[in-house]
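Below is one structure, written out as structure tokens; comments come after it.
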Amino acid sequence: MKTILLTLITCILFSLPAIAQNDDVQNIDIRLRPNRSFTETALAVEDFTAFEGTKLLKADSIIMIRMAEVIRNDLAFSPFYKIVEFDSLYMRHMELEIMTLLGWNQLGAEYVIKGEGEFRRNEITFRYKLYSAVTGRIFARGKFRSPVNNYRRLAHTVANDIIYYLTGEKGIFDTRVCFISKRTGNKELFLCDYDGANIYQLTNNKSINLSPCFDPEGRKVLFTSYMHDDPQLYQYDLVSGDIDQLAAYPGINSAARVSPDGKYIVAALSRDGNAELYLLYRDGKIKRRLTYTNSIESSPCWSPTGKEIAFTSDRTGSPQLYIMDIDGVNVRRLSYQGSYNDSPDWAPKGDEIVYLSRVNGRFNICTIDITGINHKVLTNRGNNENPHWSPDGNHIIFSSTRTGTKEIYIMDRFGFKEKRLSTGGGNSNPAWTGYIR
């Protein structure tokens, strides 16, 4: 069973669809600034067809329908785009047998995605074109191949390609999420697609596992586990399925985060009494102690440059956010609003930190500039915690009790377009991979 599971995970993580070069394409520049003052760009995704001169079997047609839906959902989740739906009443009113680019433009679409596929043996060959609904010009095109049973990942890859041409940035639709779930009766590690599909159980040690985080390559998950009674730091290899012990110092070994260059780990250890922050080598050996206080230091995270660390400390009497240099000096307080602030995560673009804060008696997800200004509350239902940025910095993943049970949610960086990923309750501690390579 373990061999089959590892084979499936390895296939999903590292079997990228083949990508052809995009030639003879008009370059466009419609990049948007991250604020809510913009108008979302309207996109239409037509139902996909067969290559000219070929036909689709019924099962193949169903896959093409599902691929179109995945791409629509991906693009609609971006903060900057909305999907224009097909309108059959408009077709009848205009006496159209097929939808035209002009028709899509009349419905409000600025760009239209057309796609076609061919199925041979157990492989899909898929082509798409991105059209201007106004001029009819082709702005992007791509050709991809994938095993039939990996069609969802193929659809995510197409959506990523479209996002790249529209924004100049990588899409997040091929990334993964690791989280803790009690669905088996114990707190075990699980892995799923960014949209909650393809859930796999990683650990089965029938213990308490906490605080997963990915290494920069997205191939290993660090986590704290009580599998050997005491809270120790471990590493799960997503390729081999091996679990290695990294740190088993006396007391608590927790909240590990890997530096952006992959060389170091920052973690909270209580080996000298109260919880302090330490810089470790990747093999778990201590390089240096970073904090020296009589308070509790926890929840460290790296800046994108790897030169600074944000963390939580109750040195002033309540948990607040602080930033220090990688050698533990130049400590400065970041948060002043709220009596309880914790779980910071530094935005990939380096401009903001997301964290949880007690607001009006509830825990909510907030953001603050690294200068300490522009404090924003993004949630307002239930208790919310464990926030982490997506690799593109345009989305946030977190856990929430807004429906009565603790579940995993994602939203855009402005607090809109929320989407629930998990069901069943007891789901927490989400972590988002970087881009899979």
- prompt: Rg to Rh for the stretch 182-329: what is it, with Cα atoms only and Rh by Kirkwood?
  reply: 0.97
- request: Please work out the Cα center distance from the stretch 178-228 to the stretch 235-275, rounded to the nearest Å.
  value: 15 Å
query: Of 167, 364, 67, which is farthest on the positive side of the dipole of the chain, counting Cα position, with +1 on Lys and Arg Cβ, -1 on Asp and Glu Cβ, and the Cα centre as origin?
result: 364
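Please go through the residue pairs 187/220; 206/419; 206/263 and name each one whose alpha carbons sit more than 23 Å apart in this structure. Mind showing how you got there, number by number?
Details: 187/220 19 Å; 206/419 29 Å; 206/263 31 Å.
Where the Cα-Cα span goes over 23 Å, the pairs concerned are 206/419; 206/263.
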message: Counting heavy atoms of the protein chains only and a 1.4 Å probe, report the per residue accessible area for the stretch 41-196 as a whole number of Å².
response: 46 Å²
query: How would you order 389-397, 318-326, 99-107, 50-58 from highest to lowest mean count of nearby Cβ atoms within 10 Å?
result: 389-397, 318-326, 99-107, 50-58
field: Computed helical MRE - 222 nm, the chain, DSSP H runs ≥ 4 contributing -39500 (n - 2.57), nearest 500
entry: -4500 deg cm²/dmol
message: What is the percent carbon and sulfur in the accessible area of the chain, measuring with a 1.4 Å probe over the protein chains and ignoring ligands?
response: 48 percent
query: List the aspartates and glutamates whose alpha-carbon lies under 18 Å from that of residue 114, not counting same-chain residues fewer than 8 positions away?
result: 23, 24, 46, 47, 52, 60, 69, 74, 85, 87, 97, 161
- prompt: Gap in Å between the Cα centre of the stretch 391-437 and the Cα centre of the stretch 319-343?
  reply: 24 Å
task: Provide the per residue accessible area, probe 1.4 Å, for the stretch 303-394, rounded to a whole number of square angstrom.
output: 41 Å²
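The values are calculated or read from the model by the stated rules, or taken from the named source; none is laboratory data. Computed from a predicted model, the values in this text were never measured in an experiment. All Cβ positions, even for glycine, are placed from backbone atoms using ideal geometry, and neighbour counts span all protein chains on display. In case anyone asks, the SASA skips ligands and DNA or RNA and just uses the protein heavy atoms, side chains included. Shrake-Rupley method; radii C 1.70, N 1.55, O 1.52, S 1.80 Å.
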